[in-house]
1. Looking for whichever is of a type in the set (A, V, I, L, M, F, W, C), away from chain B (no Cβ under 14 Å) and surrounded by fewer than 21 Cβ atoms within 10 Å (Cβ to Cβ) here; the options are A:L195, A:L164, A:L191. Which one fits?
2. Would you tally the residues in the range B:55-84 being outside any helix (DSSP H, G or I) and modelled with pLDDT of 90 or more?
3. Please report, ordered by residue number, the helices (runs of 4 or more DSSP H) entirely within the range B:136-255 with at least 2 residues that are within 30 Å of B:M307 (Cβ to Cβ), in contact with a helix residue (DSSP H, G or I) (Cβ under 7 Å, 6 or more places away or on another chain) and in contact (Cβ under 8 Å) with a residue 12 or more places away in the chain.
4. Taking the condition of being within 19 Å of B:L99 (Cα to Cα) and polar (S, T, N, Q), how many residues in the range A:98-137 meet it?
5. Looking for whichever is modelled with pLDDT of 90 or more and either surrounded by 17 or more Cβ atoms within 10 Å (Cβ to Cβ) or within 14 Å of chain A (Cβ to nearest Cβ) (or both) here; the options are B:I176, B:I123. Which one fits?
6. Would you say A:T7 is surrounded by 15 or more Cβ atoms within 10 Å (Cβ to Cβ), within 17 Å of the chain's Cα centre (by Cα), under 18 Å from A:L191 (Cβ atoms) and within 14 Å of another protein chain (Cβ to nearest Cβ)?
7. Inspect the range A:105-113 for any residue being in contact (Cβ under 8 Å) with a residue 24 or more places away in the chain and under 30 Å from A:G40 (Cβ atoms) and give the result as yes or no.
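The values are calculated or read from the model by the stated rules, or taken from the named source; none is laboratory data. Please read these numbers as outputs of a predicted model, since none were measured by experiment. All Cβ positions, glycine included, derive from the backbone under ideal geometry; neighbour counts span all protein chains shown.
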Amino acid sequence: MTAVIETAELTKVYGGQTAVDHLTFEVRQGEIFGFLGPNGAGKTTTILMLLGLTEPTSGSARTLGFDPMRQPLKVKEQVGCMPENVGFYDDLTAHENLMYVARLNSVPDSQAKTRIDAALKKVKLAGEANKRVGAYSRGMRQRLAIAEVLIKNPKLIILDEPTLGLDPEGINSMLELIKVLSREEGISVLLCSHLLHQTQQVCDRVGILNEGKLVAKGTIKELAGEGIRAKEGKLSLEDIYMRYFQEE
Amino acid sequence: MFTIFRKEIADHFNSTRFLILFCLVLCVALLTTYMVSMNLRSQLSGGAKAEYIFLMLFTTSGEFFSLTQFIAFFGPLIGVIMGFDAINRERNTGTLSKLLSQPVYRDAIVNAKFLAGLATISIMFVSLVLLLSGLGMVAIGVVPSGEEVARLIVYMLISVIYVGFWLGMAILFSVIFRSVGTAALASVALWIFVSFFIGFGYRFIADVIVPPDQDNPEVMVKNARIREGISRVSPVNLYSDATSTILDPYRRTTKSFVLLGPMDAIFMSRFQNALPLTQSLLVVAPYLITILAMTVVCFGISYLIFMKQEIRSI
């Protein structure tokens, strides 16, 4: 299986503070990779480096085979990124917001329309397409963000805390959506989160990041096997996770 | 880049902010033109038709100020209002990080925003000057000559560059300051400082540096030079000096801010014959180049800062 993301000894230092410390991991074609860690562990910084928005201090990254620092546009053409706290132009409708993104991706207008309709349908917002985004609820905005990511027909999507601030129902439908995208459309997903329980439901493999270092990597089963006795025989990512952080 | 440009222009024209601004400028302009044309008619009726009467529409004052003075003072506000939240609003709403994760170069965003602002200002100015010219033609019954038209075009060009300077300044502040309010306040503060403090205070500063001595012409010349030097720091002065020469070909000095009535304007301290346009341009060129340089430097700095800024914490 080919890797869509590959990093080697990726390091980022911000004014003496190491945000990402010799990070080496890979995301394989078609899988959902859960990128876990507490707040401030360096997840967002890693994403920025993968997209070429921040220059690594040392080490290298390859996204879809491109060097994000050298060919940022090639990367951004094929990678859909949903940042934490996505913003929209509140005075435009959902359709107009997506149209803008489509144009930025140089999708011809005639094609853009069908793509937008399809994307909105996928995230169940087709009925609200002509509503101003300012009137959207938090859950709707998150789903719209997914639609926006889909506009460019990405090979890889990077989601930074996609379930943040959603109600339980919203979380479930979001996770369901991510699963569907990955399984049915073959899109690889890098899912960043600190909400372990949710990640456990959808991720094929996970990497646990703490203070910029990757402390564990593998499937949940593998991680559980690494000398960690899960409580009452039940494999919970939460247990694995807690074990790693209690050791310190 | 064109996509961002298109969206920014649409945003400008759709915004209430622009509408209010345009209405305000339009009201003042209409009022001034009306008063000036009434003034011109009553004072110049009966005499032989002087040259360049049409341009007086823009240079002579009505009750309070002339149109060029109005633009010199309040043009900056137009630029500031269009630019002060260009970058930081997008940063605050989280749309900036979204924009950056699309396949566009980072500089395209600032460039497009600056150009869109400039285009909006140009459209605003051209429509304003055309409207006022039309009104003026009807009101004073004089059709502008070819040279007058050429001078008006140069005037519009200078005005756009001038307001462009303030736009660049406002965008610079919007890149530096995260908060929209701070950026707005900083731009307005700079505007007040430059137009009022330097505009009126340069004499005092010069007098402090070289105290004037009525009996010693050498000292007086030195004093005058320093005054001029300081006043040229201010784009407001640069602009009003430049435009007054362009719009008033008889003017012997570039100094403006002297409220001249239309009769005084014709007979006092003036050249016998009008300066040809090319000569006026020559006189104005250094001013123009300085404003242009200021605009470019201002925009250049914001461009640089924006390119180097860490995307983190957006």
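1. None of the other options fit; the residue is A:L195.
2. Residues flagged as outside any helix (DSSP H, G or I) and modelled with pLDDT of 90 or more within the range B:55-84 amount to 1.
3. Values: elements: B:146-176, B:180-192, B:199-209, B:217-231, B:235-247.
Counting at least 2 such residues, we get B:146-176, B:180-192, B:235-247.
4. 2
5. B:I176
6. no
7. Looking through the range A:105-113, none of the residues is in contact (Cβ under 8 Å) with a residue 24 or more places away in the chain and under 30 Å from A:G40 (Cβ atoms).
One line per residue, one yes/no per condition, for (1) under 22 Å from B:M137 (Cα atoms); (2) crowded, with 19+ Cβ neighbours inside 10 Å; (3) within 14 Å of chain A (Cβ to nearest Cβ):
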position: B:M1; (1), (2), (3): no, no, yes
position: B:T16; (1), (2), (3): no, no, yes
position: B:L24; (1), (2), (3): no, no, no
position: B:S45; (1), (2), (3): yes, no, no
position: B:L67; (1), (2), (3): yes, yes, no
position: B:I87; (1), (2), (3): no, yes, yes
